[in-house]
Amino acid sequence: MRSLFVLLATLLALSTWAQFKKLDALKINTPLKIDGQLNEAGWKQASAADSFILNSPQFGIPASQRTIVKILYDDQAIYVGAYLYDDPQLVRKQLTARDGEQRKDVDYFSVFFDTYNDDQNGFQFLVTSRNVQSDARLLPNLSSQFGTPSDYSWDAVWESKVHMQNDGWTVEMKIPYSALRFSQKEAQDWGLNFQRYNRRNNESSFWNAIDPNQNGFVNQFGDLAGLQNIKPPIRLSFLPYVTAGIRKVPLPAGGSKTDVLRNGGMDVKYGVNESFTLDATLIPDFGQVISDNVILNLSPYEVQFQENRPFFTEGIELFNKAGLFYSRRVGGTPRGYNAVRNMVNSDPNLLLVSNPGVTQLY
């Protein structure tokens, strides 16, 4: 009899996990002040998402700490408020760098949106207990195994605030529609999921259960309903840059020559429609946005670094098939190209064997 009871309880739990959860967003008329307090009237009226299920270290059991999440929206942005119950003295609060998986000694909360509800693509917005942000795109070929399910080279502009409470910590997020991409429909139907990572217990839990043994990640999201009459804004952004420097070159006869270096340009991004984005660059700066770590490579193969230049990160998943295209090879004219060419032109006795003027893409 006891075995039968355990079997029935297990089957009931499995059927609960198999169902896709649903959360209704509440429309508000006044923008919220992002302070992490969650004391506005809208937060008290909105529907709540709770009952998180562990993804690791043991899939399928309830999370050890309670988490409640609510969603509000207005004409400009979508708001996410989360109450993560815990002993505030035990919450891990290591200060980490922006972006990345935040797998160090820190707790975090993350929200995922599948704005086209295609079970393949999406957006991730993550906030640690120290209010450090990470944002990423979810791509079709990702696995549900806990690891790196996101492209963190993508960056958006959004707000967040964390506040420590007597019985846990709260997160308040404001994600403008300009940071998202969605279709122009009167009633929106998005995929939705939330994640909480408890570093102390090494627990990763999700609102809609993510089975690590099932293929896919976005296809295991729940549903977000209630979004009505929101319109995607004009997606037009300019990213200008200006660089300046001084170079001092020693002269053979003694002394030195000082050169003033200056450069400037701009990246332009324009959303043609909900499916296409135009990227243009004027006098591109081929220097990397983030400095690369120095790696001693004694192998016959090149070291491949992550691409962080905005012009090359848009739609990069289309070119990542089988590693055929590596955008970090795209750069300016190799140093010394003009000097070698001029030297050969001035001396007929010299033979130029190879002097590539462009960077190979393969």
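The values are calculated or read from the model by the stated rules, or taken from the named source; none is laboratory data. Keep in mind the model is a prediction, meaning the values are calculated, not measured. Note: ideal-geometry Cβ built from the backbone for every residue, glycine included; neighbour counts use all protein chains shown.
Overview of values
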{"read-out": "Residue in the stretch 169-188 that is more than 24 Å from residue 116 (Cα to Cα), touching an Asp or Glu at 6+ places or on another chain (Cβ under 6 Å) and modelled with pLDDT of 90 or more present", "value": "no"}
{"read-out": "Flag if residue 55 is over 24 Å from residue 178 (Cβ atoms), at pLDDT below 95 and surrounded by 21 or more Cβ atoms within 10 Å (Cβ to Cβ)", "value": "yes"}
{"read-out": "Yes/no for residue 117 being surrounded by 17 or more Cβ atoms within 10 Å (Cβ to Cβ) and on the phi > 0 side of the Ramachandran plot", "value": "yes"}
{"read-out": "Those residues of the stretch 192-208 which are at pLDDT 95 or above and either outside the structural domain of residue 79 (by TED's automatic domain parsing) or part of a loop (DSSP other than H, G, I, E, B) (or both), in sequence order", "value": "207, 208"}
{"read-out": "Some residue of the stretch 90-97 being within 15 Å of the chain's Cα centre (by Cα), among the aliphatic types (A, V, I, L, M), closer than 16 Å to residue 210 by Cβ and in the same structural domain as residue 168 (by TED's automatic domain parsing)", "value": "no"}
{"read-out": "Residue in the stretch 96-116 that is in contact with a helix residue (DSSP H, G or I) (Cβ under 6 Å, 6 or more places away or on another chain) and assigned to a loop (DSSP other than H, G, I, E, B) present", "value": "no"}
{"read-out": "Residues satisfying the stated conditions in the stretch 216-254, i.e. outside any strand (DSSP E or B), out of contact with any helix residue (DSSP H, G or I) (no Cβ under 8 Å at 6 or more places or on another chain) and surrounded by 10 or more Cβ atoms within 10 Å (Cβ to Cβ)", "value": "216, 217, 218, 219, 220, 221, 229"}
{"read-out": "Any chance residue 324 is over 23 Å from residue 155 (Cβ atoms), aliphatic (A, V, I, L, M), surrounded by fewer than 12 Cβ atoms within 10 Å (Cβ to Cβ) and at pLDDT 85 or above", "value": "no"}
{"read-out": "Count of the stretch 120-145 residues which are out of contact with any Pro (no Cβ under 9 Å at 6 or more places or on another chain), of a type outside the set (Phe, Trp, Tyr) and either modelled with pLDDT under 90 or not in a loop (DSSP other than H, G, I, E, B) (or both)", "value": "10"}
